[in-house]
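The values are calculated or read from the model by the stated rules, or taken from the named source; none is laboratory data. The structure displayed is predicted, hence computed values, not measured ones. When we count neighbours, we look across all protein chains shown, and the Cβ atoms used for this are built from the backbone with ideal geometry, even at glycine. The protein model used for the area step is the full one, side chains on, heavy atoms only, and it has no ligands, DNA or RNA in it. Shrake-Rupley method; radii C 1.70, N 1.55, O 1.52, S 1.80 Å.
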Amino acid sequence: LASTEELNRVGDALARGEVEPKWWWNGEYDRDRAEESNDRGAAAFKAKRYGDAFDSFTDAIQLWPSRFVYHANRASAALKLGRYEVCASDCEEALAIQPTNLKVLIRCATALQALGRPAEASKYWRRVLAEDAGNAKGEAGLRRCCEEEATQEAKKEAEAAKSQEGSRTELPRTGVSDDWNDRLYACREMTKYEQSLSADLSVIEALIMCRRYPDALTSLRGMPESTETLYLTAEAKWRSGDVSAALAILSGMADGGCGQVRKCAELQRYLEGIHALAEEGRAAAAEEVHALVVESCESIEKLIEPKACSGLYASVLKAKAGALMSRGGRGEAALAALDAGLEWEPEHEGLLSARARVKQQMGNYHGALSDLSLLQALNPATPGLFRRMQNLACAILETKDPSCRAASVKRRVGFDPFAVLEVPADADDLAIRRSYRRLAGQWHPDKWAQKTEEQQEAASVRFKEIKSAYECLTAPQD
């Protein structure tokens, strides 16, 4: 019963995600075979075939995981093979069963020390000495750990001072090489064996150049503030598209006495030029001078390389596409801009949403729905997404059945705009526009200025109905 209750507790904890599943939990649980595997492992270990011994002890653990000696034996083989992480993990499992076993405590301390983790290793050496005061290995190991901790602390202080100087090489903005993914892998492998600020900064630099800006910013948030971390935060911000935030960081650094760092000052000057163009574009957009918005975006495009700052590139192309659509009749150009941005940022939610809107306005309802489906997979909580997908589904039905289109539009706006414009429900955009121009010219209030007041009022009402009907049939339905 106790075993059943324990299994139930473990199962519940797994379901809640409170514990990680052990690698041996899918074993067959056969004690006799486990003993045979352990005997083979012991023989192989004695013959110095440590790889074979490790495999046999692994089989033994899978067949009988609660046996202390199997974990202890595999830890010994792992130590001989230089697999220190595995050795430390196996020692932890063995010590959970027999917490005071001297040999396992020594193995665990030795493995952790080999991994360059003297602070953790010293805890186990102290446990060795607690069980066997005066143990020679324990005293020597603890002494080495104290020396290594002092060396590491001095190294940390030196690295922190160097990080404050900002002397690392600046990140490239042009001519970005293709080997940054390889560098990222190498840097991450290095951090497994070298716990240092320099190694961590190298990983973050590689993340930025691999265009993994959110990951870089997440890593930076957990680090002590210095010239290097502030510089890299600014780099990740502007390359992801937030130039204003990057400039705020760099300006703060200059006010705080970091202005003499050459790479920070140069980056600030570079971003100020981009920011000025972006502000010109925003001002033009507010005044609805869309040609100037496009011009500003294209000027920024000339200053940046998408390979170096895909997030900013995507934001610029999104603004450009919006301006092109606002100018009218430039759907293909807007679509080309959005496609170019999505080549570099295929999961950019803003670009997907904008491309869906452009495709919808161009009558490509299936394409628009496909983009919104991608957006839904990325962020199901996108505001208004479900309504937009519903509208597109209705639009697809309307293209197949004109009567469905008429009923849908009438239900949405509360009147029949097709009847008002005197066109059939299957009329295309050209027919709707022609009819609107004809009727608007016929009922424009200026043409009824010489008529009676009652006739003028009727013409005004009729003109408003025509205008409203046209807007209902031509405005995009988000």
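What to note about this one:
- Angle in degrees between helix 243-253 and the longest Cα principal axis of the chain, rounded to the nearest 10: 50
- Dipole axis of the range 361-445 (+1 Lys, Arg; -1 Asp, Glu on Cβ), positive-most option in ALA368, ALA440, LEU397: ALA440
- FRET efficiency, 1/(1 + (r/R0)^6) with R0 51 Å, evaluated for VAL176 and GLN98 via beta carbons: 0.40
- Between GLU157 and CYS210, the contour length at 0.36 nm per residue exceeds the alpha carbon distance by 16.2 nm.
- Rounded to the nearest 10 degrees, the angle from helix 331-344 to the longest Cα principal axis of the chain is 0 degrees.
- Inter-centroid distance (Cα atoms) of the range 104-157 relative to the range 55-89, Å: 22
- For the chain, the solvent-accessible area with a 1.4 angstrom probe is 55 square angstrom per residue.
- Based on the Kirkwood approach, the hydrodynamic radius assigned to the chain is 29.2 Å, with every pair of different Cα atoms included.
- With a cut-off of 14 Å between beta carbons, the residues surrounding GLU332 carry a summed charge of +4, where Lys and Arg count +1 and Asp and Glu -1.
- Net charge dipole size for the chain [Lys, Arg +1 and Asp, Glu -1 on Cβ; Debye, nearest 20]: 420
- Computed packing ranks the peptides 193-199, 378-384, 306-312, 274-280 as 306-312, 274-280, 193-199, 378-384, most packed first, by mean other Cβ atoms within 10 Å.
- Cα gyration tensor shape of the range 22-180, rounded if a/c is under 1.5, else prolate or oblate by comparing a/b with b/c: oblate
- Net length available on complete extension from GLU280 to THR169 is 36.7 nm, with 0.36 nm assigned per residue and the Cα-Cα distance removed.
- Between the C-alpha center of the range 162-240 and that of the range 270-341 there is a gap of 28 Å.
- By a 1.4 Å probe calculation restricted to protein chains, ARG327 has an accessible surface near 100 Å², given to the nearest 10.
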